[in-house]
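Step one of this worksheet: look at the structure below.
Each reported figure results from applying straightforward, stated rules to the coordinates on display, with no laboratory input. Only a predicted model underlies this, so the values are computations on that prediction, with no experimental measurement involved. Note that we place each Cβ from the backbone using ideal geometry, even for glycine, and neighbour counts take in every protein chain shown.
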Amino acid sequence: MFAVHHEESALDIVQDAMMKLAEKYGDRPANEWPMLFQRILQNTIRDFYRRSKVRSLWTTLLSALSPNDDEDYDPLETIDSATATNAPQDPQGQLEQSQIIGIIEKEIQALPARQREAFLLRYWEDMDVAETAAVMGCSEGSVKTHCSRANHTLAAALKNKGISL
């Protein structure tokens, strides 16, 4: 069994699990709820850790593109190197940063449409699996599959270009 060490995250996970139980299994007999809730809670915790791991990998990669700790900096936005305060000061650093951002954007655009949509909704828009499934009009399992495939494809493409996570 997993453990969540941050109280706010734990409360959010329990709330999400309770909502899933009520929405999907509210019509079941009450004596089935404890076992169903236990399973839903375990899956919700796994989703939390999976999402945290992937977000951490992408945050690490993208934060390496920002030379300071500005939380509002978005490396995927177009960089105006003449005025950007977050851009490297030397021309070589600016060129490298611009090239890496271009590669990442190109690889995201090269993903199949459903994978790209799921990836951007989950990791850039910070939607959970259920929200993403609702927006995409598909099952939560499909969202998970699309995100997993997108992550593997992007990681492999970036690794092949010499960009390591």
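Protection proxy ranking, highest mean first, for peptides 148-157, 98-107: 148-157, 98-107, where packing is the per-residue count of other beta-carbon atoms within 10 Å, averaged. Computed from the Cβ-Cβ distance with R0 of 41 Å, the FRET efficiency linking V14 to L95 stands at 0.30. Summing charges over all other residues whose Cβ lies under 12 Å from the Cβ of F37, with Lys and Arg as +1 and Asp and Glu as -1, gives +2. Here r is the Cβ-Cβ distance between A110 and C138 and R0 is 30 Å; the resulting FRET efficiency, rounded to 0.05, is 0.90.
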